[in-house]
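Comments concern the structure below.
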Amino acid sequence: MSISPTLLRQLWTIIESIQTSILLEIDDMALVQLLLKQFAAKQPIDPMTSNNLNQYIQSSLPLIRDTAESRKFV
């Protein structure tokens with residue numbers, strides 16, 4: 001799996017723009033799909049990149065939810 005630093009920054013910008021409650025309340029598959037749709041809406045991505053992002057998001061779900069949880073108290 002290879003994702004450029006630029007794509008990672010874009011993905012995390014999208015994650016940070018989504019309401020904390022959404023990040024914490026929807027199930028894992030719905031969250032992965034939401035993030036992929038949001039990303040694709042910002043820029044077209046090829047199937048290989050989409051697959052790589054999908055894998056990255058799935059492996060990062062605990063970090064994404066922990067980050068959202070910490071935002072609740074800010």
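Mind checking the angle between helix 5-17 and the chain's longest principal axis? C-alpha axes, 0 to 90 degrees, to the nearest 10.
30
For a quick size check, give me the Cα extents of the chain along its three principal axes, largest first, whole Å.
36, 22, 21
Using θ = phi - 60° and the Karplus form 6.51 cos²θ - 1.76 cosθ + 1.60, what ³J(HN,Hα) does each residue of segment 51-62 get, whole Hz, x for Gly and Pro?
Values, residue by residue: 5, 4, 5, 4, 4, 4, 4, 4, 6, 9, 3, x Hz.
In Å², and per residue, what accessible area does the chain have when probed at 1.4 Å with the other protein chains present?
Spelled out: the 1.4 Å probe surface of the chain, per residue, equals 63 Å².
Express in nm, to one decimal, how much length is gained between T67 and M29 on full extension, taking 0.36 nm for each residue of separation and deducting their alpha carbon distance.
Contour length minus Cα-Cα distance gives 11.9 nm.
In whole Hz, what ³J(HN,Hα) sequence does segment 26-36 give by Karplus (6.51, -1.76, 1.60; θ = phi - 60°), x for Gly and Pro?
7, 6, 4, 5, 5, 5, 4, 5, 4, 5, 5
The values are calculated or read from the model by the stated rules, or taken from the named source; none is laboratory data. What you are looking at is a predicted structure, and each value in this text was computed from that prediction instead of being measured. Heavy atoms of the whole protein, side chains included, go into the accessibility calculation; ligands, DNA and RNA do not. Shrake-Rupley method; radii C 1.70, N 1.55, O 1.52, S 1.80 Å.
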